[in-house]
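A short write-up of the structure that comes next.
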Amino acid sequence: MAYAAYREHPGTLRMHAPVTATGSFYVLDVTVCCADALRVRRSVSGCPDAGVVRCEPLLHALCSQESDAPCVRLMIRLPIASYAEVLHRLIECVPSGEIGRLVSWREHLARCGLRDGH
């Protein structure tokens, strides 16, 4: 298996993150099997200022990988300068998954229900 294109989940708004500011943080959605989540967390923690800030178990109906294994969506906080390193670590440590969208930290907070991203 290889990495799949990201599939929007029901009920999520599609937002595009501007990739202009170099000093601010962004959040990358990644979907992997539950069994691989710990390996991803450990690998990403080796990147400067990056780490998993949220882990959501997904119901089988929302999983889009080829197997029936339970999946989780990891939300990885990272500075834009670490984007390539984080992607490299993901692909290196986990053979398959879905690399999702990149949103600004403010957009991530807003989609988690914090008013105006505060």
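Values in this text are rule-based calculations from the coordinates and carry no lab data. Only a predicted model underlies this, so the values are computations on that prediction, with no experimental measurement involved. Positions of Cβ are generated from backbone atoms using ideal geometry, with glycine treated the same way; all protein chains shown enter the neighbour counts.
Spin-label model, Ser24 to Ile91: label points 7 Å out along the Cα-to-beta-carbon direction sit 2.7 nm apart.
At full extension, Leu38 and Leu59 could sit 5.7 nm farther apart than now, given 0.36 nm per residue minus the alpha carbon distance. The simple Förster model, with R0 at 35 Å and r as the Cβ-Cβ distance, assigns Leu114 and Ala69 a FRET efficiency of 0.65.
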